[in-house]
Amino acid sequence: MNVKHVSREGAGAADDGAPAGAAAGSTGRWMEAVISASFVLLLIAAMARFLTHHPGASNTWWVIGLTSLLAVAYVARPAVDGEIPVPWRRAWLGAFVLGWVVLVLQAPSFAWSAVAIVYTALQLLPTRAALALITVLTVLVVVAQLRINGPDPLLIVVPPVVAGLAATVFVHMQRQSARQRSLIEDLVQTRRVLASSQRQAGVLAERERLSREIHDTLAQALSSQLMLLQAAERLWDADAEAAHRHMSTASDIAERNLVEARRFVHDLAPVDLASGGLPEALQALARRESAAGSAAGSPAGGPVVRFRIDGEPVPLPPAVEAGLLRVAQGAVANVREHAHASDAVLTLSYLDEDVVLDIADNGRGFPPDQDARRSAPHRGHGLRAMEARLRQLDGTLTVESRPGEGTVVSAAVPLRAAGPVPAPEDQE
């Protein structure tokens, strides 16, 4: 993530090239209106003083005309954030300042209207150029006031102080506004990056979830169907009745798989949990796997799976039931495809603080130092998917195995129950 940091040097980057008034939009339209009104009032006051102190002067109408022109020109001045190009705005400022200088030379009392011109110069010019122009205007104001009132230390000090304060405040406001805009841009960019990352993470998480669901449901059912169809093909000529039974069983599995797929698409609970609780679903799983194993005709084709229950069953959250059922499906699929076992036992135990599901088989096992999670990576998710499911449930997965002594996969989830429910009879 590339996040820009605003520094003092960066905030003052406009001093050399870009107009320092680029932040004018943030000062508010109200400030524009106040400055325009102030300039017009200063012109009116200066013109009133001129008419009062110089009645019948030969240049009276000329001063009145130039004053009116400057007032209209200032009120209609080009906006900093408008469509007029920057060179044309600066050309307008040059012509306006030239007209104001001519007016001040004719009537020095107009010099005090320079305060508003200071603001406009800081808007339309780079900071250094604006400060240079303000210095020239300040000198002109001091000279004009000395022409009117004669030598006066106060008139020598006040104009530079006023101009310095006005320039300092405005430049500070510009830099603060630039920092705020930069921070806002950074925040917007950061939000975009975070939103994109969250979307990507959501896509990856959903893809992983779909992959696990397909592995634990559709893929396993298709594997059982394939096993049954292969057995039916072998027995087609020798034992047509047995072959038809296998075909019928495969058809039942296909029908059940279709229902599971539809529930999966609509994000519903597994079909085995739709008509009962977790014990009933595990019992149904054991029954189906045993039927598929016996149909294969050899221990390598599939084990006989039995189901047991220990302890007093308690209600479990739907997510826990679905997660443990998927773990059982994945573990039984691993036993069928990799363990070469003839027997497997599903044991659901309700303990004081946890509900534990053990899947034990008498297959070939594997060395303790072998990472079973990486074995046969092309075959599917396996133990990695089980771990991911249990992590989402704050549960743990334990695998115990030795070569020739089978494997025990144990899934434990913290027990959150609201009370006991009737327990089905233990079945094998």
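Observations on the structure shown:
- Remark: spin-label model distance residue 258-residue 33 equals 7.3 nm, labels positioned 7 Å along the Cα→Cβ axis.
- Contour excess over end-to-end distance, with Cα ends at residue 233 and residue 72 and 0.36 nm allotted per residue: 48.0 nm
- Approximate spin-label separation residue 396-residue 205, in nm, with each point projected 7 Å along Cα-to-Cβ: 2.5
- For segment 45-120, carbon and sulfur atoms together expose 72% of the accessible surface, with a 1.4 angstrom probe and every protein chain in place.
- Residue among 176, 164, 139 farthest towards the positive dipole end of segment 114-206, charges placed on Cβ: 176
- Relative packing of peptides 36-46, 303-313 - highest average C-beta neighbours within 10 Å first: 303-313, 36-46
- Sites residue 95 and residue 185, calculated FRET efficiency, Cβ-Cβ separation with R0 25 Å, nearest 0.05: 0.10
- Between the beta carbons of residue 364 and residue 198, assuming R0 = 35 Å, the FRET efficiency works out to 0.20 to the nearest 0.05.
- Ranked by the mean number of other Cβ atoms within 10 Å of their residues, highest first, the peptides 336-344, 130-138 fall in the order 336-344, 130-138.
- With a cut-off of 15 Å between beta carbons, the residues surrounding residue 244 carry a summed charge of -3, where Lys and Arg count +1 and Asp and Glu -1.
The values are calculated or read from the model by the stated rules, or taken from the named source; none is laboratory data. This is a predicted model, so every value here is computed, not measured. Cβ: placed from backbone, ideal geometry, glycine included. Neighbour counts: every protein chain shown. These area figures cover heavy atoms from the full protein model, side chains too; ligands, DNA and RNA do not enter into them. Shrake-Rupley method; radii C 1.70, N 1.55, O 1.52, S 1.80 Å.
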